[in-house]
1. Quick check on segment A:174-254: take the gyration tensor over C-alpha atoms, sort the square-rooted eigenvalues as a ≥ b ≥ c, and tell me if it's rounded (a/c under 1.5), prolate or oblate.
2. What is segment B:238-315's relative contact order, in percent, from Cα pairs under 8 angstrom and six or more apart in sequence?
3. Arrange the peptides A:183-194, A:231-242, B:558-569 so that the one whose residues have, on average, the most other Cβ atoms within 10 Å appears first.
4. Assuming 0.36 nm per residue, please report the length gained on full extension of the stretch residue A:447 to residue A:734 beyond their Cα-Cα distance.
5. Given the Cα-Cα distance of residue A:188 and residue A:769 and 0.36 nm per residue of separation, how much length would full extension add, in nm?
6. Taking 0.36 nm per residue of sequence separation and subtracting the Cα-Cα distance, how much length would be gained by fully extending the chain between residue A:170 and residue A:571, in nm to one decimal?
7. Given a Förster distance of 35 angstrom, what is the FRET efficiency for residue A:790 paired with residue B:124, based on the Cβ-Cβ distance and rounded to 0.05?
8. How large is the Kirkwood hydrodynamic radius of segment B:495-569, counting all unique pairs of alpha carbons, in Å?
């Protein structure tokens, strides 16, 4: 494959001009004149290398391989020359030099490494030619290599200079040589890998045996080499794996006589397959975990149709919840891409992967990383599978009928018969071709696809339900006080959040029969109060407020998406929400979820019980008094929407003595009641708005004023465009711009008269004490001064006889003094 | 002699100026601070522009490290102290000329001679005598600090004994101002303008060098003196003649510099005196001086916050005095405050967005906290008189952000501080700032294991973050609950007569009840229960009154007048209860400080 591509890329030399005998060429006078006048211009003609031109134009088209061979031979000769030159230097008269990392370098080493360099240089040049084929990893590898070499260069040059005149130390030589040879073999192996890889890429069929060699290198003890080898193999396989699945010949087939070509192909295929199998086995060695995983993921993603894909998939799914972040990410993204690019494998892998993940979840008792389940979100369920085909069929039939009718009408015409038969034949052929095509490609037909999709769905929902059940179980377990079960490494309910998200997304695909169960689960989960009488137990197993809110949310979404067709009582969820609002703690719980539940459960709900709506209105207003502006704002937005929808609730805005006619059976508002229907909120007045209009946040205070001015009689049908979520996001502190409106404002301030209290600020100073202190101060200063002067004099007396140069003494004397001053 | 010298040196080391001086020099920031001031003088009105431009530039840079809280007011060059350094020379020459012109050449000041001189000056305002006196005064001020080695014999003044030394200083400090004024024929309360008009006065020409000499010597004395009382006396006397400095802008700058330094580092009285000087300067002179004072004080204050030191009790004084200064000219301070608060907000935003360690640490630094504290107090002091709404709003958001930046028991003290600020702002401005959720979260800070009953005192803690082992102590939980009750009491006391009070208290009461149910500590339970009872009686009272009114929530005016009468009386048991809690908290705080 690679070869053919490469061959095409070779640019043929420009076509020769048509052969014209030299006699036939006629020069015009002008031409001659021009040449005569500008003889210098024509000088190049004499210098033309005719041989080269002949070779280029006359000879066969040269491929890159030829060039490569040429280069190689050239290099070889060059190397040999070098070797000869270096032998001249006596290797004995060299002293080893110890580098910083403790390695001893000898003159000999520098030579050898030079040799190695030459080789690598060569290899590199070769590789460079094929750069566009190589994948990134190899390129990186190469970059590493060159860097290392550059370092060596730097090291070697100064060494050489130093070593010139040193004497030998033979004792260490052997040891050093060993080390050297290790380094050398490493280099050699690397080069070998690169070479083999190049060969394979350039002509896989001819060089398929190199795969074995590469695999052998991968069995090396040196982990670095193995890693490099694996990556090279990955690059090679990615490129040379054919677009079909290899089926090894049966024994019968082997016995049959076959042409050379087929034999060659068979050999090629079997070798390829064996090598591939071996490569996959590398994953089991834990040392190469990351690299091996990279290989597996890349291969699965690139060639999901190829043999052993099941093994690959199993390996990838096994690592989907790996504690190693890199591996986990890689695996998850691979699975995701499998889900989103079903065309590559016809959807079969999706089913398998989902199945495997489901089993994985089961095996680990739902203690996995959330990412493991999040991948389900990438699955696409196509509801129209088959529908379109059916329609097509239907149309066809219809058309055929039409045609038949028409044809019957025109049956009189004789020629039509022939045409018809011709048409029939053509359609027959077309059918055959399409059948063949289907056989060749993996495109499964609609029926099969639908089947697979059902299977996928059932596996997905099985997983989801398992998680829900597991969560319920752990909560139940806590009440029995089972201290042995401790939360796993991923938190108490790691999979619940993605599970709820998934349920919300795929709820339309869920069978109606299960919805009842689902709602029951959700109800139980939502009502699992985290406030229990059991305070001593660390209730980490309990659901958080966010999770419970999410349960309510999912329940509502499920109902919504099924067009409220089900007769399920959502009352319990409202009760939960009514109480969860109070459990909410900013910072600990997600305000976004709260805002979303306000939106879905309150704003979007069409017909609400008046009592309940009033209870929520009151609670939200109270809530707004105690929390930050983001929460307050989303509560107020919801409150406004509720009031707009429920005309009668607007009675809360008016202080109607005694609650008026609307107040329900409960005459007085019970703020501590847990059931919204029993709170008697209709009997109260929204006094909160009065305080909220004094809120420091201008937006909230205006909002409160607007709400309090809503009219009771007039039915305001327009709804505010802002959703609670939007309000929450806009007013959260993270989004706060903190921009000060810096308009120049006049600040009129009463000038305060200078206060009389200033007088008392003057401390009373005891003059006697003060003068005493001053005196002390003076005495001390004078003492210091005189002391110093005395010393100076002493010093100068001492120094005078020693040194006659007065200037110097003076200078020296100044110094100590000034130091003391400082 | 040698013996005496040793003793003297020992003493000097203990309490004298050289030591003080060295310790001052060890605080390098002071130098830096003062060094920066020079440019401002030259920049003149560019200053304002700079202040406004800088934050804009900073907006674009996202590197939060670049945002320094104190770098707000422009960066200054190190083009320092040029005049300050040179003046010792220049002014010496000046004096030499004067003395040369003088007929009497007396090198050693004797007691009798001083007495006659003083007499002449005091009674007749005899100018040559005053000149002499000022020279002696200068010599006294510089005594022991003369640039050594260059003692030129003809201008070398010596002082006979300690008494003369004390007398000359005290006399000049006490009488100089009066003498100058009487020579010039000025009253004691003459303004700056009058001093500037003096330029036309022929007497001024002869007197100007004398006044200048007086100021220079005095400033030198203030700078060099190590004794508390000498400095404070000098400062007090200097304050009277500040008006004269209008003629010497350089000296004025120098005085500002010295005063700011003394204000930040000095003892209580010195700090107060220094502040009074600064305040006088900023009141008497033009707005440029006000800016200069404000900025220098602001920077020095913030730098001081970073230095952990024993006498942190002085910080409230520093803050209050700075607020007092700011309140002198709210218009000007407003721009400064808005720049500074924007800077604070930017830092916070960065920290909220990234939550990385460095950014969070910056928020939790003493500098940041004290800066917020400063502006909160400034706003609280002036919000009733001026419209500071934008500042108020932003600072409240910033405080909310700081409180929510990192949630956890270890930041209890910071959170308590934040809520204190919010309560303070709410009380002074009369606007509503919800704090309940911030407070109530502290109820759930329970890390106490029942078995452990360590007693640890929270008093010594001044850091933002509490050490981990504290969280386990019983004391910590008590502290939590007491703080909750105290903060709620302040909050409720403010709104206890508001018509919305019952609703405001609903959620806190529910939460407290829940806590009461769950808690196992009897002592705390009792406190909480009492609080709940009081609040409930308050709720009931307001509810009863509320049921009688006829207006609706949209009638804001009526709502505002609701129960105003009762509020005036404040005899309700719950009001007294709130007050007692607040007082108690104040008392414990004071105790802690002592």
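No value in this document is a laboratory result; all are computed from the given coordinates. Here the structure is a predicted model, which means the values were calculated and not measured. All Cβ positions, even for glycine, are placed from backbone atoms using ideal geometry, and neighbour counts span all protein chains on display.
1. Numbers: a/c = 2.96, a/b = 2.42, b/c = 1.22.
Prolate.
2. Values: 49 pairs, mean separation 21.6, N = 78.
After rounding, I find 28 percent.
3. Working: A:183-194: 18.6, A:231-242: 21.0, B:558-569: 14.0.
In decreasing order of mean packing, A:183-194, A:231-242, B:558-569 become A:231-242, A:183-194, B:558-569.
4. 98.2 nm
5. Working: separation 581, 0.36 × 581 = 209.16 nm, distance 9.34 nm.
Result for the pair: 199.8 nm of gain on full extension.
6. Details: separation 401, 0.36 × 401 = 144.36 nm, distance 9.28 nm.
Between residue A:170 and residue A:571, full extension yields an extra 135.1 nm.
7. 0.25
8. 13.7
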